[in-house]
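Single-structure report; data block below.
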Amino acid sequence: MNPNKALWEKGDFTRIAETMRESGTELVSKLGITKDINVLDLGCGDGTTAIPEAKLGANVLGVDIASNLVEAGNKRAETEGLTNCTFQEGDATDLHDLKDQTFDLVVSIFGAMFAPKPFDVASEMVRVTRPGGRIIMGNWIPGDPTLVAQILKISSAYTPPPPEGFISPMLWGVENNVIERFGKAGVAKENISFIKDTFTFKASYPPSELVNNFKTYYGPTMNAFEAAEKNGKSLDLQNELEALFNSQNKSTNKNTTSIPATFLRVTVMR
């Protein structure tokens, strides 16, 4: 079984996703989505980008490894009255139930980057995209000074080293790796382009509360706190994260949160 299933079913990522809705809609508005195109949203969570894609008239299939997020996505689509948006469980490394060349657009925003076997992920995304279609990924960038890369960097200092053979998801944020992975899947380098973009976490509560939401609901941060607790260092981790969130908060009201995070937007022409 894909080990990520347990990680992303841990906690409740929808609580983090709520702070990402506005940026998700904004990003989707840049993707040139037109009515009736077929979109696969891979590693979709509860629909941060899938729901806005469907609202623009696309036929959207959201696929995620976590059954609780699939259920939450289907509930959101039903609440919004979107009959053109469905969610199902699936593994980005093996989309065996999806036919070749099915989708006009494959989107994965901070989703497929976390799957193991990155070469398999690239191959599967290319396989299910029709010739002339596009793949768009949003990937966090290793060593970037903004929020998410720093959360993961801080957390890693408190957790045991990963198992042998582990490939960091952050390597999807390095252009040469992206070119190599899609190259193995048959995509020419000149058909891959990159732009740095921004996703903003917005909340109607202060940064310290957002830290607590990561601690309580976000699988990787939950694991970091569990490991830190065993070493008597959970307060150190809490303090480091609160300092990070406070220092990066751009809101003029200290009781609300607006934290931008830089990511690599990848466009692959099939």
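By other beta-carbon atoms within 10 Å, ranking T48, T256, T83 with the fewest at the front produces T83, T256, T48. Here the ratio of the Cα radius of gyration of region 201-257 to 2.2 N^0.38 Å is 1.16.
Calculated on the alpha-carbon coordinates, the convex hull of the chain measures out at 121 cubic angstrom per residue.
Comparing G45, G232, G183 in a Gaussian network model of the chain where C-alpha atoms under 10 Å apart are linked, the largest mean-square fluctuation is found at G232.
Sequentially through region 128-139, phi angles give Karplus couplings (6.51, -1.76, 1.60; θ = phi - 60°) of 8, 8, 6, x, x, x, 10, 10, 10, 10, x, 10 Hz, Gly and Pro residues having no value and appearing as x. Relative to the dominant Cα principal axis of the chain, helix 175-184 is inclined by about 40°.
Given the alpha-carbon gyration tensor of region 63-123, what are the semi-axes of its equivalent ellipsoid in whole angstrom, ordered largest first, with each equal to the square root of 5 times an eigenvalue?
Each semi-axis is the square root of five times an eigenvalue, giving 22, 14, 10 Å.
Angle between the Cα long axis of helix 147-156 and the longest principal axis of the chain, 0 to 90 degrees, nearest 10? The answer is roughly 60 degrees.
Computed over neighbours whose Cβ is under 10 Å from that of E124, the net charge equals -1, Lys and Arg +1, Asp and Glu -1. Taking the number of Cβ atoms within 10 Å of each Cβ as an exposure proxy, the fewest-first ranking of R15, R76, R127 is R15, R127, R76. The orientation-averaged shadow of the Cα convex hull for region 79-191, equal to a quarter of the hull surface, comes to 9.5 nm².
3J(HN,Hα) along region 207-215, derived from phi through the Karplus expression 6.51 cos²θ - 1.76 cosθ + 1.60 where θ = phi - 60°, amounts to x, 4, 6, 5, 4, 5, 5, 4, 5 Hz, with x in place of Gly and Pro. Seen against the Cα atoms of the chain and their longest principal axis, helix 67-79 is set at about 70 degrees. When the listed pairs K196/K233; K233/K254; K75/K202 are checked against a 29 Å cut-off, the alpha-carbon distance exceeds it for K196/K233. As a rough footprinting exposure proxy, the listed residues C85, C44 were ranked by other beta carbons within 10 Å of their own, and the order from fewest upward is C85, C44.
For region 172-240, applying the loop criterion from DSSP together with a ceiling of 14 other beta carbons within 10 Å to the trypsin sites (Lys or Arg not before Pro) yields no site.
In terms of the Cα gyration tensor, with a ≥ b ≥ c the square roots of its eigenvalues, is region 138-270 rounded because a/c is under 1.5, prolate because a/b exceeds b/c, or oblate? Note, shape of region 138-270 comes out oblate. Listed by chain and number, the lysines whose alpha-carbon sits under 23 Å from that of K117, ignoring those within fewer than 8 places in the same chain, are K5, K10, K99, K153, K184, K189. Around the amide H of Q88, modelled in the peptide plane, lie the amide H atoms of G62, V63, D64, all under 5 Å away and 5 or more residues distant in sequence or on another chain. When the helices of the chain are scored as -39500 (n - 2.57) per DSSP H run of n ≥ 4 and the total is divided over every residue, the value at 222 nm lands at -11500 deg cm²/dmol. Taking a sphere under 13 Å around the Cβ of K233 and counting the other residues whose Cβ falls inside, with K and R at +1 and D and E at -1, yields a net charge of -3.
Read the figures in this text as sums done on the coordinates, not as results from a lab. Please read all numbers here as calculations on a predicted model, not as lab measurements. Glycine also receives a Cβ, built like all others from the backbone with ideal geometry; neighbour counts cover every protein chain displayed.
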